[in-house]
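The values are calculated or read from the model by the stated rules, or taken from the named source; none is laboratory data. Owing to the predicted nature of the structure, the values given are computational and were not obtained by experimental measurement. With ideal geometry, Cβ positions are generated from the backbone for all residues, glycine too; neighbour counts draw on all protein chains shown. Remember, those area values only see protein heavy atoms, side chains included, never the ligands or the DNA or RNA. Shrake-Rupley method; radii C 1.70, N 1.55, O 1.52, S 1.80 Å.
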Amino acid sequence: MQGPVHPQVKAFASWIRAWGKLKLALICQLLFVLCAALLTACYGIVVGNSVDWALIKGSVLVSAVFGPLFIAFLFYLVLHLDAALSYLEDSAHQERLLNEGMQDNIRQLNFEIEERKKAFQAKRRAIDELRKEIAERKKAQIELEEQSLLIRSIVDSSPDLFYYRDETGRFASCNKMFELIMGKTASELIGHYPADIYTEDSAQSAILTEYEVSMQPSELTLDVQFVKDDGQVLWFEMRKVPFYDRHGRYIGLLGFGRDITSRKLAEQALEKAYQDKGKFIATLSHELRTPLNGIVGLSRRLLETKLSKQQHGWANTIFSSAETLGNIFNDIIDLDKIDRQDLDIVYQSVSLKQFINDIANFAELLCQQKGLQFTLQCDGPLDINLKLDPTRLRQVLWNLINNAVKFTASGEISLHCQLDTEAGRLHFSVQDTGIGIAGEELERIFDMYYKSNDGRRLSIMGSGIGLSVSRALVEAMQGAIAVNSVVGQGSCFSVDLPAQQLAQEQQQTIDCPELTILLVEDVPLNAEIATALLEQRGHTVILAETGEDAIALLETEDDIDLVLLDMQLPDMDGEQIAKYIREEPHLASLPIVILSANVRKAEQQLANLQINDALAKPINTARLDQMLARLFSPSAVKLLQAKDTVEVTEPQLLDQATLNDYIQSLGKDAVKRSAQLFAQLLPGYMNRLMETAVQRQLTEFQEAAHKLKGAAASVGLLWVQQQAKRFEQETINWQGLERQLVDFHLQTEQHLAALFEYIDQA
């Protein structure tokens, strides 16, 4: 919009504004007049070759007249042109700004259009994805419904019952079997508390053993009995599993029940058969023990008479044989000991020379009956006392000698004994010249009930338990038994045992006062022998053959010092008499010693009564003397009192007597394994105590304490056992109990460490 005049107009307009109209008009008028005069003069010179002053005057006059008009018109024209140009420039500038704004708006509009297109396309894609997801969800929902229906069908068709209860304890789900057992439909059960539907004494409450507790802290599995309306008894193995969310909050309880009626009935039948077998064996053993007691008692009396050396040896062999047979009867009563390898091993000081002489006498008699030669060879010192179980070792050697004689038709039987005092080992070997054992049978010869298939041995084969029992006994004594044999040349059985040398025992006179003893025994022979033993020691014996006689004597006799009580009487058992004694105030402190063929069973039967001691039949004289000394010897009483004083001032952490007995009987490794098992179970016991203490569940807390008490007693943790017993029996103060349990746990772990150290040092 800019032309060639535009700058001059702008410049002239700026001069007008800068100089002012009047001043610039005068200057322009003066210049106009001068220009007119000059042009006239130049014209005169050019035309006339002279200056025409009249013409100059006329031009000056004309310019003076018309000059202001021209200048005014020029100024007006310039100013208006400048204003028009300025307006035009402003308009052009505004137009440019408007165009730029319009272009920006167009660009923004185009961008928004593109964005809307993209959003629309994304919306279409999202709608497509949503439609696809809806289709997949519908498909998954259909599949889930089908799977749920399948699972529901499986659960309903299961022979096991199932139910689920929410965190409030209400039923939330169950299967058909549960409905059948509970006698109600699912609609009648779901949404209700068990206590709203069943009473605690109903048959269904046996299945819902946990409904009195709103929350179970841990899994629970137990067998419960369910009695149907028709009287039929069913057994279920119930398993209760609590459910927790990821924050550890209890959200429900699952219950499963499996019908184990057939298994339970089989177990009960097996248990009854086992009890019947035990009763039969006990009765048989009791009947056999009557003549055996006569053999033991009369042979003992015979040994006290004047006999030749050979006769004394024979009588001593009869006595030791009958005594060993009586001890074996104790194991016959509990046959499962052999299966559990739980045979009692009782170590004592044994004269090796006397022991070997007894074995040799027995072997020589057997060989003479079959016309075989017997040889005895001993290496090492014989006049020495060793720590052995003579009954068990004698049983093993007699069994081996019996087998050697049984399978040898001609030749000799040899017994070799070797004592290695440096290594602390005792070695026996029994060798024969019999038919031998085939090589393929050597690996199984010690198996229970194994019998050879060799036709030459069938007529003389026994029950097949002798060698198996012998191996169990040897291993229980921490020893080893082995065999070498060649068919047609004979066999050699060897026994290797640890042998600890002991100092020679010196017989000490027992300072025991004369006693009046009530002997309750219904077998005349047993009574005669026991009376003779007691009268030989200067005591007065009052005999009662029935329970009624015993009670009558206890009521009338005031000077009875001791009661020797047989467990089996014709009119009542020993437990009834012992209970009567302990309930009578004037008899409560009277010592009671049980006489029984099965001491362990008798002690278990009388566990709730205070029994002073127990003696096995036939009565062992050494055991009898020890019992009398412990109960009535003044020196023994002082020793016990001193021991009690020490125990009061310094509490005993470990039951050392029990531990020593277990270590001697079972071996250090077995006792250590038991302690390790207790260490594994201890956290579970402690957690159960803590959980029940937090929830203040008294019955569950006492049950947990009872279990811990029994476990601690089985491994000799005496202090832990006593503390657990206190938790079980004493009144519980819930305030501060959690802290006590933490301290109790720490102390128990310390005592457990002491137990391991004691076992290692034993």
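A simple spin-label model places the labels of residue 77 and residue 121 6.5 nm from each other, with each point 7 Å out along Cα-to-Cβ.
Of the residues 250, 87, 244, 43, the one with the largest accessible area comes first in the ranking 87, 43, 244, 250, computed with a 1.4 Å probe on protein heavy atoms.
The gain in end-to-end length when the residue 382 to residue 729 segment is fully stretched comes to 119.4 nm, 0.36 nm per residue minus the alpha carbon separation. Here residue 98 and residue 26 are evaluated by their C-beta separation; at R0 = 51 Å the FRET efficiency comes out at 0.70.
The separation of the range 80-111 from the range 726-759, counted between C-alpha centres, amounts to 97 Å. Going through the cross-link list 306/353; 184/272; 272/672, which pairs have a Cα-Cα distance over 25 Å in this structure? Result: 184/272; 272/672 exceed 25 Å. Can you compute the FRET efficiency between residue 90 and residue 69 using 1/(1 + (r/R0)^6), with r the Cβ-Cβ distance and R0 = 25 Å? Round to the nearest 0.05. Result of the calculation: an efficiency of 0.20. Of 10, 264, the order by accessible heavy-atom surface (1.4 Å probe, DNA, RNA and ligands excluded), from most exposed downward, is 10, 264.
A Förster radius of 30 Å, combined with the Cβ-Cβ distance separating residue 262 from residue 609, puts the computed FRET efficiency at roughly 0.15. Annotation for residue 532 and residue 368: the two label points, set 7 Å from Cα along the Cα-Cβ direction, are 2.3 nm apart.
D by Stokes-Einstein for the range 33-86, Kirkwood Rh over Cα pairs, 10 °C, 1.306 mPa s: 126 µm²/s.
Modelled spin-label separation between residue 200 and residue 55, with each label point placed 7 Å from Cα along the Cα-to-Cβ direction: 15.4 nm. What the Kirkwood sum gives for the range 76-152 is a hydrodynamic radius of 18.5 Å, with every pair of different alpha carbons counted.
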